[in-house]
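One structure is given here, and the rest of the page talks about it.
Taken together, the values in this text are just the output of simple stated rules run on the coordinates, not laboratory data. Worth saying up front: this structure is predicted, and the values here are computed from it rather than measured. Here Cβ is always computed from backbone atoms with ideal geometry, including for glycine, and neighbour counts include all displayed protein chains.
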Amino acid sequence: MSVELTGAEITVRCLQEEGVDYIFGYPGGAVLFIYDELFKQDKVKHILVRHEQAALHAADGYARSSHKVGVALVTSGPGVTNAVTGIATAYMDSIPLVIISGQVPTAAIGQDAFQEVDTVGITRPCVKHNFLVKDITELASTIKKAFYIASTGRPGPVLVDIPKDITQQKTVFSYPNSVSMRSYHPEVDDNSRQVKKAAQLILGAKRPMVYTGGGVILDNASEELTKLVRYLNFPCTNTLMGLGGFPATDKRFVGMLGMHGTYEANMAMQYCDVLIAVGARFDDRVIGNPKHFYSEERKIIHIDIDPSSISKRVKVDVPIVGRVSQVLNELITLIKASKEETDAHAIKEWWKQIDLWRERDCLRYDRASAVIKPQMVVEKLYTVTKGDAFVTSDVGQHQMWAAQFYSFDKPRRWINSGGLGTMGFGLPSAMGVQMANPNGVVACITGEASIQMCIQELSTCKQYQLPIKIINLNNRYMGMVRQWQEFFHGNRYSESYMDALPDFVKLAESYGHVGMKIEKPEDVEGALKEAFKLKKRLVFMDFITDQTENVFPMVPGGKGLSEMILV
Amino acid sequence: MENEAGALSRVAGLFSARGYNIESLSVAPTEDPTLSRMTLVTVGSDEVIEQITKQLNKLIEVVKIVDLSEGDHIERELMLVKIRAIGGDREEVKRLADIFRGNIIDVTDKSYTIELTGTSSKLDAFLDAIERNMILETIRTGASGLGRGERILKV
């Protein structure tokens, strides 16, 4: 006779079967039986955060830096609503997560029970899919489906809501080996005809441009991308989500594009004649005003796993639905086998033009400044970590400077909330990154406003001894809000000044960490070196930076890519 | 689509979240009780319809989508309409119902309730033919459609 397991046991067994090593969560009434089962085993290690938002960001950072599915566990009601920001963050950036949430017992659903919310309803618009398990016999297959849906096709968060009584009921456990769903087929049809068309366009290009996004990172396609771009000698730009997809130190890399992209990247994007978009979605922060983008003629090839990303904001000439790694490989094979060659002369001329644009030196800043320039801190961080750190960030000016000045040569090293733009993401995501990469060097570039949104996680870092290095670019302002107010709201700095700041050094110390305050430019490098020598300690570095520094270049909202505000 | 709780709200949620309009929507289980079939009428440019189709396809519970208006198709909508019918109007309303091949399915001394099936435009035409203040109540199901001839939507 087969042994029957409780729903709670089954939940934990499923996680074990999926090879989950870490789960980030916070207990509560509806998940007590699951926590009881977690207690009885040691394969799945639970990381106790201090707020459910952080559980999601940590699972998210874990997933982004490891290419595994991140897992979070939260209780019903406020546990779920606290998690929503983190779920939406992962959804916007297509990060594979499985969220297990507790729910009130099935008989209490709809009765406005204690800690009851309509979890499936609240999370519906920000998950790839969600389930409410109403029958214990479907629990294991539902969790299997959740992992499958989260990690295939265009990845995304999947939530499984489990009522408390289901975790107590018993059934025979068997974990399915595979999933077959008639309504979900992440594999794609043959697209060789489209790929051939794309190869033709690429070979005929006179002013080509390769524009790549988070899809390259998600599909581990950096190698294929690098191979293709180097073979063709085409210029390449990455979106904020795509940084590290192509090595930033390669001379063919023209920098990030978009609202705070480089002059050369934005100009090349606007004036190219053949654009190869790979795993990117032409969003508003990337191409600005689509009408302005249309004002120049170009042919567009768009490779993406999600058909709905294609021709959504910009109409394309050659749509290719597929895994970017596979399509890039096919392109490489076709182009190498072709008798035709690229127009070397035209491409040389194009590079001349791009180099002229580069001479604008659009990222320059005052290196002789008597106050610390935030850009300089990021540059020094790059030097001290030899460009090999995992860098997470929060949202705002510091995020843009991190993206502009830390040259990412490898994928999955740059971890930030691109789509949703979630302040508070930096520190908890760094915890997940450190868990996934116990020997990795992890730096969190943040600001004094963002860091306070999840500052409680300093406690989690202490408990699990996570040696994250926090680079706090402290300008006493919500810098990006201040910048917009300066540019577009007549210098009226409405509510963007950060008053009553804590003493971050003492704050870090009170959590048992090391705190440093750095106020002079000449101390920056030394402080960073000292901090990174403390390999087992979290160091909170509070850099007092220039209050008036702005992020340049900038494409103002509603403007076109070539209409940048420059330094 | 899968005949599951919540599938309908995913479709409705998608339309409201992305700013698309639902003109009408009719849904019921099919001969296979695990599947529901929905006919949804919407309007938009070719680009918008393309996006709607792609977005609907992404919903996990949607099994298959066909744009009926891309080819020949049959569509029918059911309407029940209660009309004030007193004195000379009674004969007039009955005649009109006959012309539109409607059935009178409920009668009182002051009203007729008429059942009418057809394309949405036929139902509109019927309502236009009746004086506005005579219409006491209407309810419409929204269109249900199928492809003509050999065109079959089957899982």
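Points to keep in mind about this one:
- Label zone at A:E359 (point 7 Å along Cα-to-Cβ), backbone N below 18 Å, region A:544-567: A:567
- Cα gyration tensor shape of region A:1-149, rounded if a/c is under 1.5, else prolate or oblate by comparing a/b with b/c: rounded
- Efficiency of FRET between A:D135 and B:I22 - r from beta-carbon atoms, R0 22 angstrom, step 0.05: 0.10
- Amide H contacts under 5 Å for A:Y211: A:T237, A:I276, A:A277, A:V278, restricted to partners 5 or more places along the chain or on a different chain, H placed in the peptide plane at 1.01 Å from N.
- In chain B, the longest principal axis of the Cα atoms and the axis of helix B:46-58 are about 70 degrees apart.
- For the pair region A:457-501 / region A:263-310, the C-alpha centres are spaced 32 Å from each other.
- Computed [θ] at 222 nm, deg cm²/dmol, the protein assembly as shown (DSSP H ≥ 4; -39,500 (n - 2.57); rounded to nearest 500): -10500 deg cm²/dmol
- Packing-based order for A:436-442, A:480-486, B:135-141, using average beta carbon neighbours within 10 Å, highest first: A:480-486, A:436-442, B:135-141
- For peptides A:23-34, A:310-321, A:88-99, sequence by mean Cβ density within 10 Å, most packed first: A:88-99, A:23-34, A:310-321
- Cross-linked pairs A:K469/A:K559; A:K68/B:K58; A:K68/A:K410; A:K380/A:K559; A:K469/A:K520: Cα-Cα separations exceed 26 Å for A:K469/A:K559; A:K380/A:K559.
- Spin-label proximity, A:K352 to region A:193-207 - amide N less than 19 Å from point 7 Å beyond Cα toward beta carbon: A:205-207
- Electrostatic bookkeeping for A:L240 treats Lys and Arg as +1 and Asp and Glu as -1; over the other residues with beta carbon under 11 Å from its beta carbon, the sum is -1.
- The mean count of C-beta atoms from other chains within 10 Å of the C-beta of residues in A:184-192, rounded to a whole number, is 1.
- Between 0 and 90°, nearest 10: helix B:120-129 axis offset from chain B longest Cα axis: 20 degrees
- Look at the stretch B:10-22: the mean tally of other chain Cβ atoms within 10 Å of its residues' Cβ atoms is 1.
- Our note on the geometry: Cα centres of region B:31-74 and region B:101-115, 35 Å apart.
- Full extension of the chain segment joining B:E47 with B:T34 gains 1.5 nm, where the gain is 0.36 nm per residue of separation less the Cα-Cα distance.
- Placing a label point 7 Å from the Cα of B:S69 along the Cα-to-Cβ direction, the residues of region B:128-155 with a backbone N closer than 15 Å are B:143-146.
- Förster-model FRET efficiency, 56 Å R0, B:I139 and A:K227, C-beta, rounded to 0.05: 0.35
- Most mobile of B:S16, B:S120, B:S45 in a GNM of chain B (Cα contacts under 10 Å): B:S45
- The H on the amide N of A:D161, modeled in the peptide plane, is under 5 Å from the matching H of A:S101, A:F131, A:L132, A:V133, each at least 5 residues off or on a different chain.
- Annotation: extensible slack from A:E4 through A:Q41 equals 11.5 nm (criterion: 0.36 nm per residue apart, minus Cα-Cα distance).
- Shielding by other protein chains, B:46-53, mean Cβ within 10 Å: 2
- Under Karplus coefficients 6.51, -1.76 and 1.60, residue-wise ³J(HN,Hα) of region A:101-107 in Hz, glycine/proline x: 10, x, 9, 4, x, 3, 5
- Dipole check for region A:4-172: with +1 at the C-beta of Lys and Arg, -1 at the C-beta of Asp and Glu, and the Cα centre as origin, the magnitude is about 440 Debye.
- Each residue of region A:526-535 is assigned a 3J(HN,Hα), and the resulting list reads x, 5, 4, 4, 4, 5, 6, 6, 7, 5 Hz, derived from the Karplus form 6.51 cos²θ - 1.76 cosθ + 1.60 (θ = phi - 60°), x at Gly and Pro.
- Close amide H contacts of A:I300 (hydrogens built in the peptide plane, cut-off under 5 Å, sequence separation of 5 or more or a different chain): A:L275, A:D317, A:V318.
- Cα gyration tensor, chain A - rounded (a/c under 1.5), prolate or oblate: oblate
- Per-residue 3J(HN,Hα) values for region A:182-193, derived from phi via the Karplus relation 6.51 cos²θ - 1.76 cosθ + 1.60 with θ = phi - 60°, read 5, 9, 9, 10, x, 6, 10, 6, 4, 10, 5, 5 Hz in sequence order (x marks Gly and Pro).
- Fully extending the segment from A:A107 to A:Q200 would add 27.3 nm, taking 0.36 nm per residue of separation and subtracting the current Cα-Cα distance.
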